[in-house]
Structures are given as C-alpha cells and as structure tokens.
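What follows is a single structure, written as structure tokens, with notes after it.
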Amino acid sequence: MEHGDRGEIARMPTVSLTSDERAILAGEGGVATQIAARLLVRMAELMGAPRLVPIVGAHVDGCLYHGPVSIDFAKRLVDGDGSVRVDTTLNVGAVDLLHPELNRGDPERRTAGRELMRLYSALGCRPTWTCAPYQLANRPMLGEQIAWAESNAIVFANSVLGARTERYGDFIDIAAALTGRAPYAGLHSDEGRLATLHFRLDRIPARLAASDVLFAALGHLIGRRAGRNVPVIEGITQATEDQLKALGAAAASSGSVAMFHMVGITPEAPSLAIACGHRAPTQVIPVSLTDLAQAAAELTSAGNESLGAVSVGTPHFSLAEFEQLRALLAGRRVTNGMAFYASTGRAVQEELRTRGWLDDLAAAGVTIVTDTCTYLAPIMAPIAGAVMTNSAKWAWYGPNNLGLQVIFGSLEECVESAVRGERWRDAELWRDV
C-alpha cells in the first residue's frame with residue numbers, strides 16, 4: 001500500500017488505538033511503518049487484544065531465509081524507508097558469515113540467505129545473529145514489554161528474565177520493531193502469565209538434579225503435556241540459567257510452551273500460590289524419575305547406529321557452557337575422524353578469542369559455528385552414523401530437518417563419546433530408575 005492509500009483500512013479496527021498509532025496506520029510514518037502497523041493491528045484483532053502496548057525491544061526471526069518471499073517482504077520494508085523504533089536484535093540466519101568455509105549448501109540459496117541478512121541489518125536491526133539474545137548485554141528486565149520471536153528466546157525472556165512477550169513469528173516480529181508496539185494480550189498481561197498446570201517432581205537424585213540432561217528431559221516432558229498452557233514446576237531447588245535455557249527450549253520444541261514458572265527460582269514464582277494467582281491449578285502432574293528417564297529415551301532416535309558426530313549449542317552455547325566443555329575435555333582431543341560442532345553467538349565467540357580459548361578448542365577438535373545452527377543450515381560434513389547432542393531441541397528437529405538419527409545425552413556423555421569415538425553412557429546418572 002502506498003502512502004496515503006487507505007483502501008484496506010477504511011474498516012475501523014476493533015483495537016483501541018492512540019492518536020499516534022492511528023497516524024502510523026494512516027501512513028504518516030512512511031510506507032514501511034504503515035505496512036507494519038496494518039499487520040500488527042490485524043494480528044491484535046486476531047489475538048483479541050483491546051489495545052497495543054509500547055515495547056522496549058524486539059528480537060527478529062524473520063531474517064532466516066525460507067524462500068523468495070522472505071526477501072520480497074524485507075525488500076519492501078527497506079524500499080519503504082523502514083527503520084526500527086526500538087533496540088532490535090537478529091536471530092540466526094541461513095549462513096555462518098564468520099566461517100563461510102563451513103557452508104555446504106546450494107550457492108544460490110547461500111547468496112539469498114546473505115541478502116536477507118543484509119536487508120534486515122539495513123532496517124536498523126543489530127546483526128547479532130544469535131538465537132540466545134538473552135546472553136547479550138542490555139537484556140530486557142523484569143516487567144518490560146518486548147516482542148521476541150524464536151521459541152527458546154521467547155520462553156527464556158518470559159520465564160527467566162520476567163520480561164513480557166507473546167510467541168511471535170516471522171513478519172510480526174519486524175512489524176513490532178518498526179512500530180514499537182505489540183498486541184496487549186496473552187503473556188503481555190498479568191492474567192495471561194499465571195500458571196494453570198502444576199508439575200511436581202519428587203525424590204530426584206542429587207547427581208541427576210545437577211545435570212543438564214535432567215532439565216532437557218523435563219522440558220521435553222512438559223512440552224508434550226502442557227501444549228500452550230503455562231506450567232509451574234515444583235521440586236527443583238536450584239538451577240543455572242543454562243539449565244533453565246535447556247528446559248525452556250525443550251518445552252517450546254515438543255510443545256508450544258512460551259513461559260514456565262519454577263517455584264523459588266524464576267522471578268514470578270516466589271511461591272506456588274503466587275505463580276498460580278492464588279488459584280488452584282487445573283491439573284497436578286506428578287513427575288517421577290521413571291517419567292524423566294522415559295522422556296530422555298524418547299529423544300534418542302538412533303538404535304544401534306555408530307556415533308558419527310557430536311553437535312552442541314542449540315540454543316547457542318554460553319560462555320559458561322564453553323568453560324564446562326573445556327573442563328570436560330581436560331587437554332584431550334576428539335578422536336580422529338569425529339566431527340564435534342559447537343554453535344554459539346558471535347559475541348560469545350569474541351569472548352572466547354579474548355580469553356585465548358579458541359585455539360584450545362580448535363586443537364581439541366571442536367568446530368565453532370556462529371550466526372546459524374547445525375540443524376538449520378548445511379554446515380555438517382557428510383556423516384556416517386548418528387549425531388549425539390545434549391540439546392532436546394536439536395534432538396527434536398534434527399531427524400526431520402537433516403534425515404539423521406540422534407543420540408541424546410548429557411554434555412559429559414557427548415564429550416566422552418567424542419573422545420572415545422563411540423557411544424558412552426554414564427551408568428550412574430539414572431541408577432535409581
């Protein structure tokens with residue numbers, strides 16, 4: 001729609017708009033912002049939002065190339081002089097710009113992926129190229145309204161940071177960034193953030209409780225049971241951000257969870273009663289050690305296949321996770337012929353460089369991937385055998401995206417398997433099952 005063309009907005013929106021928002025919708029902010037406003041208002045109507053809410057930031061997933069329409073839309077916004085109104089980070093793209101030698105895909109698709117990444121940068125978005133924007137500086141704070149896409153980032157922002165976003169997808173994410181608004185509905189509101197399902201863990205062995213595999217398996221189980229509901233988890237006494245990241249990513253993959261509470265740990269759940277808004281949950285779901293072991297087993301699709309590669313960093317590896325990786329390697333090297341990929345954000349890679357860790361990791365046989373992820377982009381070399389990962393998200397999407405079988409395990413199991421050149425299991429981890 002050109003500036004001043006009101007043909008498609010003659011119908012009065014059911015969403016209550018401020019005078020500034022009506023001006024944007026009428027085209028006074030330019031063509032690109034008008035297009036974005038039309039999309040956003042229509043989305044607000046579909047969500048049943050009574051109004052729009054100002055946001056302080058956005059995270060855009062639309063920069064990942066899915067076909068020509070991706071470029072057509074972004075180019076229209078750029079040609080319409082679009083410019084984001086809030087701090088906007090960019091999710092992974094289709095190409096590792098820092099390590100182009102790793103890209104094995106079709107050259108034309110690579111070129112298109114690069115062009116889409118360029119267009120979104122031209123809109124004023126920060127070229128962060130990470131699915132873990134919460135690892136960057138200046139992350140949103142408790143209660144702040146944002147518009148984030150990328151499922152693991154959404155659930156982390158809502159659950160761990162206490163910022164407020166709905167589960168936004170391509171085109172709506174950049175529309176929110178260009179207008180500085182989001183529909184006031186769902187998880188943007190107090191009511192929409194209250195837990196309705198209560199997952200109660202009991203008698204989890206201390207060693208398992210400290211492992212990354214517990215949180216990934218629990219997230220997978222919760223996603224399968226919770227769907228789009230907001231769950232509250234009771235029975236875990238401590239958790240790191242990386243463990244919460246693993247739980248949220250898993251729950252957002254096997255289900256559509258966009259927020260969870262963990263009693264005594266996440267900011268909006270100092271107690272079970274507060275997390276539920278002093279209402280009884282609709283269902284209490286006991287979670288046993290056997291349930292968790294079964295959830296972990298579901299994430300392994302490989303039968304007796306040999307180990308062909310290891311891939312970690314979905315979501316992107318944090319600095320703390322690289323520290324754990326270095327400790328587990330302890331001067332050892334991945335066995336010859338075994339590929340070990342670690343995906344991360346370029347900001348974390350720069351910190352690895354500053355600390356002198358990049359050379360150590362390369363010497364150990366670890367290939368660093370930035371700007372994208374190994375289950376999305378054609379990065380991995382031809383693999384004979386299964387891929388081992390500690391990521392429930394990678395285990396969920398890898399088989400369909402890549403046609404590869406997966407072995408799911410803890411980070412320790414991944415590293416030890418890579419060093420030995422064969423599948424290794426920690427016999428003590430699930431001993432009480």
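The values are calculated or read from the model by the stated rules, or taken from the named source; none is laboratory data. As the structure is a prediction and not an experimental result, all values here were calculated from the model. Here the Cβ positions follow ideal geometry from the backbone for every residue, glycine too, while neighbour counts run over all protein chains shown. The accessibility values were calculated without ligands, DNA or RNA, using every heavy atom of the protein model including side chains. Shrake-Rupley method; radii C 1.70, N 1.55, O 1.52, S 1.80 Å.
Which pairs have Cβ atoms under 7 Å, sit 6 or more apart or on different chains, and link a residue in region 310-336 that is over 27 Å from Val92 (Cα atoms) to one that is acidic (Asp, Glu)?
Leu328/Glu412
Could we say that Asp170 is modelled with pLDDT of 95 or more and open to solvent by 20 Å² or more (accessible area, probe 1.4 Å) here?
no
Any chance region 275-287 includes a residue that's closer than 29 Å to Thr389 by Cα, in contact with a Leu (Cβ under 9 Å, 6 or more places away or on another chain) and open to solvent by less than 50 Å² (accessible area, probe 1.4 Å)?
yes
Taking the stated definitions as given, is Gly169 outside the structural domain of Ser254 (by TED's automatic domain parsing), closer than 15 Å to Ala74 by Cα and within 19 Å of the chain's Cα centre (by Cα)?
Judged against the criteria, Gly169 is a match.
Would a scan of region 120-133 turn up a residue that is under 16 Å from Ala74 (Cα atoms), surrounded by fewer than 20 Cβ atoms within 10 Å (Cβ to Cβ) and hydroxyl-bearing (Ser, Thr, Tyr)?
Within region 120-133, one or more residues are under 16 Å from Ala74 (Cα atoms), surrounded by fewer than 20 Cβ atoms within 10 Å (Cβ to Cβ) and hydroxyl-bearing (Ser, Thr, Tyr).
Being closer than 16 Å to Met388 by Cα and part of a strand (DSSP E or B) is the requirement here; does Ala342 meet it?
Taking the combined requirement at face value, the residue satisfies it.
Could you go through region 61-78 and let me know if any residue there is under 23 Å from Gly143 (Cβ atoms) and open to solvent by less than 80 Å² (accessible area, probe 1.4 Å).
No, region 61-78 contains no residue that is under 23 Å from Gly143 (Cβ atoms) and open to solvent by less than 80 Å² (accessible area, probe 1.4 Å).
For every residue, the table says whether it meets (1) in a helix (DSSP H, G or I); (2) touching a Leu at 6+ places or on another chain (Cβ under 9 Å); (3) in the same structural domain as Asp170 (by TED's automatic domain parsing); (4) closer than 21 Å to Gln145 by Cα.
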{"site": "Ala44", "(1), (2), (3), (4)": "yes, yes, yes, yes"}
{"site": "Leu52", "(1), (2), (3), (4)": "no, yes, yes, yes"}
{"site": "Ile71", "(1), (2), (3), (4)": "yes, yes, yes, no"}
{"site": "Lys75", "(1), (2), (3), (4)": "yes, yes, yes, no"}
{"site": "Glu101", "(1), (2), (3), (4)": "yes, no, yes, no"}
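Residue-by-condition table, conditions (1) surrounded by fewer than 21 Cβ atoms within 10 Å (Cβ to Cβ); (2) of a type in the set (Asp, Glu); (3) farther than 28 Å from Ile368 by Cα:
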| position | (1), (2), (3) |
| --- | --- |
| Ala44 | no, no, yes |
| Leu52 | no, no, yes |
| Leu97 | yes, no, no |
| Glu101 | yes, yes, no |
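Quick check on Arg126: is it closer than 21 Å to Phe317 by Cβ and either charged (D, E, K, R) or assigned by TED's automatic domain parsing to the domain that holds Ser253 (or both)?
Yes; evaluated as a whole, the condition is true for this residue.
Scan region 321-378 residue by residue and report those that are out of contact with any Lys or Arg (no Cβ under 6 Å at 6 or more places or on another chain), on the phi > 0 side of the Ramachandran plot and crowded, with 18+ Cβ neighbours inside 10 Å.
Asp371 - this is the single residue of region 321-378 that is out of contact with any Lys or Arg (no Cβ under 6 Å at 6 or more places or on another chain), on the phi > 0 side of the Ramachandran plot and crowded, with 18+ Cβ neighbours inside 10 Å.
Give region 55-69 a look and list any residue that's free of Cβ contacts under 8 Å to residues at least 12 places away in the same chain and part of a helix (DSSP H, G or I), or say none.
Once the filter is applied, which keeps residues that are free of Cβ contacts under 8 Å to residues at least 12 places away in the same chain and part of a helix (DSSP H, G or I), region 55-69 yields only Val69.
Does Val369 meet the test of being in the same structural domain as Glu323 (by TED's automatic domain parsing), closer than 16 Å to Asn91 by Cβ and either touching a His at 6+ places or on another chain (Cβ under 6 Å) or not acidic (Asp, Glu) (or both)?
yes
Take Gly192 and tell me if it is at pLDDT 95 or above, closer than 30 Å to Phe322 by Cβ, out of contact with any Lys or Arg (no Cβ under 6 Å at 6 or more places or on another chain) and among the small types (Gly, Ala, Ser).
Against the criterion (at pLDDT 95 or above, closer than 30 Å to Phe322 by Cβ, out of contact with any Lys or Arg (no Cβ under 6 Å at 6 or more places or on another chain) and among the small types (Gly, Ala, Ser)), Gly192 does not qualify.
Quick one: which residue in Glu350, Glu428 is part of a loop (DSSP other than H, G, I, E, B) and either in the same structural domain as Val213 (by TED's automatic domain parsing) or out of contact with any Ser or Thr (no Cβ under 9 Å at 6 or more places or on another chain) (or both)?
Glu428
Mind checking which residues of region 203-235 are of a type outside the set (A, V, I, L, M, F, W, C) and either assigned to a helix (DSSP H, G or I) or open to solvent by less than 20 Å² (accessible area, probe 1.4 Å) (or both)?
Answer for region 203-235, where residues must be of a type outside the set (A, V, I, L, M, F, W, C) and either assigned to a helix (DSSP H, G or I) or open to solvent by less than 20 Å² (accessible area, probe 1.4 Å) (or both): Arg207, Ser211, Asp212, Gly219, His220, Gly223, Arg224, Arg225, Pro231.
Can you tell me which condition Gly113 does not meet? The list is (1) within 22 Å of Tyr341 (Cβ to Cβ); (2) part of a helix (DSSP H, G or I); (3) more than 20 Å from the chain's Cα centre (by Cα), and all the others hold.
Among (1) within 22 Å of Tyr341 (Cβ to Cβ); (2) part of a helix (DSSP H, G or I); (3) more than 20 Å from the chain's Cα centre (by Cα), the lone unmet condition for Gly113 is (3).
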